[in-house]
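Single-structure report; data block below.
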Amino acid sequence: GLEQLAPMQSEEGRANVNYLMLLANGDLAGVIELLQAHVQDDLWSGGRDFILATTWLALGDAKRARPYLDATIVALSTRQDDASAIAEGAVALELLGHSSDAIQAADRAVALRPERTDAINGTWIAMLRAWVLIHSKARAEEGYRELDRLLGSIDLQPRWVAASPHWLLLRDDARAQQIIRNKFPK
């Protein structure tokens, strides 16, 4: 199993595999423990502060999430050419009730890194935008269409999306959950 591969991987590689396994098993407390033990932001598919913020929120602890939400918003304002930081900041803004600013940031992130020029990061950014549009309810129909279109793209497999902390925050959105379930392999 994975233990046999461990000696061939860097510490960063092992941490990333552990993160994915914890996520796949729904072990959000384990995700937090792992991220707090490994402080390098570049290990994760998504910024560490963003993941910690959404994971704490998925666990129902807004107080512990708040400093990570704030740090994610700081990254949005200081990394103006980083579409991923802007998209994650858009989610943080939305979670703090700043829907108009969140939608504006999400749209800007997609414009900075369109899917046609980056099939992996562009789809991730478009998916974060879909989340903002759905959560804000301002442009939810557009968000649902984007969710449906993007699911199954490179790095956006339905089971991984369903397990992602920020998508867990939409677990009460029946339509989003149905779109995700409909994309699961039969």
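The values are calculated or read from the model by the stated rules, or taken from the named source; none is laboratory data. Everything quoted here is computed from the prediction, not taken from an experiment. Ideal geometry is used to build each Cβ from the backbone, glycine not excepted, and the neighbour counts take in all protein chains shown. With ligands, DNA and RNA removed, areas are computed over all heavy atoms of the protein, side chains included. Shrake-Rupley method; radii C 1.70, N 1.55, O 1.52, S 1.80 Å.
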Handout entry: Kirkwood Rh, Cα atoms: Rg over Rh of region 95-138
Key = 1.00
Problem - Rounded tilt (10° steps) of 11-24 against the dominant C-alpha axis of the chain - result: 60
Practice task
Starting from 0 in steps of 10 Å, tell me what percent of the Cα-Cα pairs of region 73-186 lands in each bin.
Solution key: 16, 50, 31, 3, 0
Completion exercise
Quick numbers on region 136-186, Rg and Dmax over C-alpha atoms in Å, give 10.4, 32
Practice task
Could you work out the relative contact order of region 80-123, using alpha carbon pairs under 8 angstrom and six or more residues apart, expressed as a whole percent?
Solution key: 37
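Which whole-number percentage describes the relative contact order of the chain, with Cα contacts under 8 Å and a sequence gap of 6 or more? All intermediate terms of the calculation are to be shown ahead of the outcome.
Numbers: 245 pairs, mean separation 28.4, N = 186.
Here the relative contact order equals 15 percent.
Given a 1.4 Å probe, how much area per residue of region 9-125 is accessible, in Å²? Don't skip to the end; give the middle numbers.
Details: 5600 Å² over 117 residues.
Spelled out: the 1.4 Å probe surface of region 9-125, per residue, equals 48 Å².
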Completion exercise
Between the alpha carbon centres of region 69-97 and region 45-67 the gap in Å comes to 13
Handout entry: Leu168-Ile120 pseudo-label distance in nm [points 7 Å out on the Cα-to-Cβ vector]
Key = 2.5
